[in-house]
1. How do the pairs read when you match residues in the stretch 216-235 that are closer than 18 Å to residue 260 by Cα with residues anywhere that are modelled with pLDDT under 75, using Cβ under 7 Å and keeping only pairs 6 or more apart or on different chains?
2. Restricting to the stretch 359-375, give me the number of residues that are surrounded by fewer than 16 Cβ atoms within 10 Å (Cβ to Cβ) and modelled with pLDDT under 80.
3. Across the stretch 309-337, what is the number of residues that are in a loop (DSSP other than H, G, I, E, B) and closer than 12 Å to residue 351 by Cβ?
4. Among (1) in a helix (DSSP H, G or I); (2) over 30 Å from residue 66 (Cα atoms), there is one condition residue 99 misses while meeting the rest; what is its number?
5. Restricting attention to the stretch 288-300, which residues are surrounded by 13 or more Cβ atoms within 10 Å (Cβ to Cβ), touching a helix residue (DSSP H, G or I) at 6+ places or on another chain (Cβ under 9 Å) and either at pLDDT 90 or above or not assigned by TED's automatic domain parsing to the domain that holds residue 403 (or both)?
6. Report, by residue number, each residue of the stretch 166-204 that is without any contact (Cβ under 8 Å) to a residue 24 or more places away in the chain, surrounded by 14 or more Cβ atoms within 10 Å (Cβ to Cβ) and in a loop (DSSP other than H, G, I, E, B).
7. Given the condition surrounded by 12 or more Cβ atoms within 10 Å (Cβ to Cβ) and modelled with pLDDT of 80 or more, answer yes or no: does some residue in the stretch 269-278 qualify?
8. Going through 53, 129, 59, 86 one at a time, which residue ends up being surrounded by 16 or more Cβ atoms within 10 Å (Cβ to Cβ) and either at pLDDT below 80 or over 43 Å from the mean Cα position of the chain (by Cα) (or both)?
């Protein structure tokens, strides 16, 4: 190639030389000089252009094949081809770092996929299994080698690839113990073709653990309440039995019997109220949704509190769908609790509402002493008030969640007191 590059110019020079008026000696001398220059130019061109271009071609071929370890050496500094080689070397280093990062990320993802206790499956557009992790192998009760390449119907997963993308299942799987499962499905593309990612998690263990903890909390509160009533009743019964067995009886024995029976009746009434509160909490009916105007609802509840003046911060006119009776009971509980707290310190109570991102937010704030134990606020039958039932906040939160909303209660910051916030869907 280098020789061919100088050949046209040399041929023209020789033709002019031999057709001109020169002596044979001069012609041969000039011919040798021209051929020498031609060869020198050809070798210089090969060293300065051809070899670097071949090196550049080899580097690009190595990058295309995924070999990022080869580097080119600049033969002539500050030349255009040297700058190109420098950039290609830098590109190779960048691609090498990116490939190492991708390999490390892929390795980490493989480790996570293998260790998580959630079954993960990938199906192609023909519902053929392309990927499964260890939890998926256990769920199918077959190894990966035997499961890959099989159809979803053969694996018993065809139901998961149709219908809602997020739902709960009660499907018995070969490697599962039955129970409840949560299924999540999403789509992605690989190689231009649609694929589906299926994730199945076992809810049974989590639900059983939550159920066990709920029973423990309930039994702890029930045991505490029953002991508070049965212990004095047992003591008084023993005292009365001893009193009636004495001969002769003391002159005021009838007064002692009367006082004892009064205490027994009081504790029995307390137990009756406790069981009534439990039945009320357990039998809350589902809400009957009707249009409900916010301003009259809140003003009506605020007007029911007569122990102090409740300040009202009016919000925008809104209409939501809700059960007026249940929501009124919810707000009564919140305002009453706030008033109880404010009366302890001589503070105020503020009630207001606003619309926030498609939700109605109602807040009840007080200047009371604040909350000393926030961990048990929504534990059934837990109360710090003398004579309290311990179901007001639990019932209120249950009503809020039945309406698709939420209820939170926390200490105000800054400032004393606490703040209750009710969020309900608002169209």
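The values are calculated or read from the model by the stated rules, or taken from the named source; none is laboratory data. The structure displayed is predicted, hence computed values, not measured ones. All Cβ positions, even for glycine, are placed from backbone atoms using ideal geometry, and neighbour counts span all protein chains on display.
1. The qualifying pairs are 229/267; 229/270; 229/271; 232/267; 233/267.
2. 4
3. The initial filter retains those residues of the stretch 309-337 that are in a loop (DSSP other than H, G, I, E, B), namely 309, 314-318, 323.
Restricting the remaining residues to those that are closer than 12 Å to residue 351 by Cβ gives 309, 314-315.
Total meeting the criteria: 3.
4. (2)
5. Those that are surrounded by 13 or more Cβ atoms within 10 Å (Cβ to Cβ), touching a helix residue (DSSP H, G or I) at 6+ places or on another chain (Cβ under 9 Å) and either at pLDDT 90 or above or not assigned by TED's automatic domain parsing to the domain that holds residue 403 (or both): 292, 297, 298.
6. Of everything in the stretch 166-204, just one residue is without any contact (Cβ under 8 Å) to a residue 24 or more places away in the chain, surrounded by 14 or more Cβ atoms within 10 Å (Cβ to Cβ) and in a loop (DSSP other than H, G, I, E, B), namely 171.
7. No.
8. Working: 53 fails: surrounded by 16 or more Cβ atoms within 10 Å (Cβ to Cβ); 129 fails: either at pLDDT below 80 or over 43 Å from the mean Cα position of the chain (by Cα) (or both); 86 fails: surrounded by 16 or more Cβ atoms within 10 Å (Cβ to Cβ).
From the options 53, 129, 59, 86, the qualifying one is 59.
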